1. Does Cys53 satisfy the condition of being outside any strand (DSSP E or B) and open to solvent by less than 90 Å² (accessible area, probe 1.4 Å)?
2. Name the one entry in Val26, Val35, Val67, Val80 that is under 27 Å from Asn124 (Cα atoms), at pLDDT below 95 and either open to solvent by less than 40 Å² (accessible area, probe 1.4 Å) or touching a Gly at 6+ places or on another chain (Cβ under 8 Å) (or both).
3. Among the polar types (S, T, N, Q) and under 14 Å from the mean Cα position of the chain (by Cα), is that true of Ser13?
4. Would you mention how many residues in the stretch 56-77 are over 19 Å from Leu9 (Cα atoms) and outside any helix (DSSP H, G or I)?
5. So is Gly95 exposed (fewer than 14 other Cβ atoms within 10 Å of the Cβ), of a type in the set (Gly, Ala, Ser), more than 14 Å from Val26 (Cβ to Cβ) and modelled with pLDDT under 90 or not?
6. Mind telling me which of the residues Arg21, Arg8 ends up being among the basic types (Lys, Arg), surrounded by 14 or more Cβ atoms within 10 Å (Cβ to Cβ) and at pLDDT 95 or above?
Amino acid sequence: SLLPERHRLAGESEVDVAELRAESFVMYAAGSRSVVNDAVARSCLAAGFYPHCAHEVGETSMQVALVAAGLGVALAPASVRALPLDGVVFADVPGAESVELALAWRAEDTSPLLRNLLTTLDDNDVFTSHHIEDAREDHPS
């Protein structure tokens, strides 16, 4: 979760979704058909409530900025931790719904840029081990 640094739960390393029941959420625009919004709604419904969306955003950086400004909380993928901003703290949300991401590339592509991207993703534990091993077989250094 993304929490304003002065939020009552900001000192917690883990936050239960149910603890966010009365909070205002910063979410992606309803018309965006966001799979992240769907996962947030499913997580909240499983905890017995539907999230109150106080602000809609078009991109993740704006979501983080609005949380930093104290305008709400957000449930966001762990990758958002790569966008640190003063005023925002991150807390794990055990049991929250997740969103599976996929990456595809042409098997014959030997681009150094692709190889560097795959290496960076591997270094940041984005791939499960068998996926990156398959990628390395297709893209030897």
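1. Details: outside any strand (DSSP E or B): no; open to solvent by less than 90 Å² (accessible area, probe 1.4 Å): yes.
Spelling it out, it is not the case that Cys53 is outside any strand (DSSP E or B) and open to solvent by less than 90 Å² (accessible area, probe 1.4 Å).
2. From the options Val26, Val35, Val67, Val80, the qualifying one is Val80.
3. Working: among the polar types (S, T, N, Q): yes; under 14 Å from the mean Cα position of the chain (by Cα): no.
So Ser13 does not fit the description; no.
4. Just the residues of the stretch 56-77 that are over 19 Å from Leu9 (Cα atoms), to begin with: 56-62.
Remaining after also requiring outside any helix (DSSP H, G or I): 56-59.
Adding up the residues that qualify gives 4.
5. On the way: exposed (fewer than 14 other Cβ atoms within 10 Å of the Cβ): yes; of a type in the set (Gly, Ala, Ser): yes; more than 14 Å from Val26 (Cβ to Cβ): yes; modelled with pLDDT under 90: yes.
Answer is yes for this residue.
6. Details: Arg8 fails: surrounded by 14 or more Cβ atoms within 10 Å (Cβ to Cβ).
Of Arg21, Arg8, the one residue that is among the basic types (Lys, Arg), surrounded by 14 or more Cβ atoms within 10 Å (Cβ to Cβ) and at pLDDT 95 or above is Arg21.
Yes/no matrix, rows are residues, columns are (1) more than 16 Å from Gly95 (Cβ to Cβ); (2) in contact (Cβ under 8 Å) with a residue 24 or more places away in the chain:
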residue	(1), (2)
Leu2	yes, yes
Arg6	yes, yes
Asp16	no, yes
Glu19	no, no
Ser24	yes, yes
Arg42	no, yes
Ala54	yes, yes
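The values are calculated or read from the model by the stated rules, or taken from the named source; none is laboratory data. Since the model is a prediction, treat every value here as computed from it, not as a measurement. Reconstructed Cβ throughout: ideal geometry from the backbone, glycine too, with neighbour counts over all protein chains shown. When the accessible area is computed, the model is the full protein with side chains, heavy atoms only, and any ligands, DNA or RNA have been set aside. Shrake-Rupley method; radii C 1.70, N 1.55, O 1.52, S 1.80 Å.
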